[in-house]
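In what follows, a structure is listed as C-alpha cells, so that the remarks can point back to it.
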Amino acid sequence: ANERTLSIIKPDAVAGNNIGAIYSRFEDAGLKIVAAKMLHLDDEKAGGFYAEHKERPFYNDLVSFMTSGPVVVSVLEGENAIAKHREIMGATNPADAAEGTIRADFASSIDENAVHGSDSAESASREISYFFNEDEVCARTR
Ligand code: CMP
C-alpha cells in the first residue's frame, strides 16, 4: 500500500553534514520527501515525542542528545514506505546494522544513531501529526 512515515535526521548526522547523503538514500530507495523542516527541539518537544520511552533508563540521555543540535524532520511517502524506510535505516544499534544501511554508514552508537523512523502505521500517523499540520504535507502529482 502507499504509506507515509516520519523520518528524523538526528543531531549527530546534521552535525556530520550528512543531510544530503541521507536524503539520497531515501530517494534512491524510491521514497518521496513530501514534507521537511529543520528544528532545534527543546526538552518538552523531544520528551513528548519519546513519551513511550519515559520509564526506560536511556530516556534522559535520549532527550539531551535530541536537543543537542538541530534535527531535520521529514515525511516520506511511497509503496510500503514504513518497512522500506526501516530496512534502509538498519538496526537501532549501528553495531548490528547491515552493511550499506544508513546506520551502518553514518551512526556511531545506539545513542547517537543518525536517524529515527516510525515503526508501525499507528506510530507513523501519530509522529507525522506531532511535527506537521496536514497542509504542510505536499501531495505529489508528478
Ligand atoms: P529511535 O528509533 O530514535 O528510538 C528511541 C531511541 O533511543 C533509539 O532510536 C536509540 O537511539 C535510543 N536508545 C538508546 N538505548 C536504547 C536501547 N537500549 N534500546 C532502544 N533504543 C535505545
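The values are calculated or read from the model by the stated rules, or taken from the named source; none is laboratory data. Since the model is a prediction, treat every value here as computed from it, not as a measurement. Here the Cβ positions follow ideal geometry from the backbone for every residue, glycine too, while neighbour counts run over all protein chains shown. Please note that ligands, DNA and RNA were not included when accessible areas were found on the heavy atoms of the full protein model with its side chains. Shrake-Rupley method; radii C 1.70, N 1.55, O 1.52, S 1.80 Å.
Near the amide H of E3, within less than 5 Å, lie the amide hydrogens of G78, E79, N80, A81, all on another chain or at least 5 residues away, with H placed in the peptide plane.
Using packing as a proxy for protection, rank 97-107, 71-81 so that the peptide with the highest average count of other Cβ atoms within 10 Å comes first. Each step should come with its number before you reach the end.
Numbers: 97-107: 18.3, 71-81: 21.1.
Packing proxy ranking, top to bottom: 71-81, 97-107.
The dipole here belongs to the range 66-142: it is taken about the Cα centre, uses +1 on the Cβ of Lys and Arg and -1 on the Cβ of Asp and Glu, and is about 160 debye. For the chain, the share of accessible area belonging to carbon and sulfur comes to 46 percent (1.4 Å probe, ligands and nucleic acids excluded). In summary, the lysines within cross-link reach of K84, defined as a Cα separation below 24 angstrom excluding same-chain residues under 8 places away, comprise K10, K32, K37. Its alpha carbons give the chain an Rg and a Dmax of 14.1, 45 Å.
With protein chains left intact and a 1.4 Å probe, residues in the chain average 53 Å² of accessible area per residue.
Here the label points at E122 and E79, each 7 Å from Cα along the C-beta direction, are separated by 2.8 nm in the simple model. Report relative contact order for the range 80-127 in percent, whole number only (criteria: Cα-Cα under 8 Å, sequence separation at least 6). Answer for the range 80-127 is 34 percent. Rounded to the nearest whole Hz, the Karplus-based 3J(HN,Hα) values (6.51 cos²θ - 1.76 cosθ + 1.60, θ = phi - 60°) of the range 36-41 follow the sequence 7, 7, 9, 9, 9, 5, with x at glycine and proline. Here the dipole of the chain is about 320 debye; that uses its Cα centre as origin and unit charges on the Cβ of Lys and Arg (positive) and Asp and Glu (negative). Relative contact order for the chain: 37 percent, from Cα pairs under 8 Å spaced at least 6 residues apart, divided by residue count.
Rounded to two decimals, the Cα-based Rg/Rh of the range 81-142, with Kirkwood Rh, is 1.06. Per-residue Karplus couplings for the range 83-89, computed as 6.51 cos²θ - 1.76 cosθ + 1.60 with θ equal to phi - 60°, are listed in order as 5, 4, 4, 5, 5, 6, 5 Hz, Gly and Pro entered as x. Across the range 56-62, rounded Karplus estimates of 3J(HN,Hα) from the backbone phi angles (6.51 cos²θ - 1.76 cosθ + 1.60, θ = phi - 60°) give 7, x, 8, 4, 5, 5, 4 Hz, Gly and Pro being marked x.
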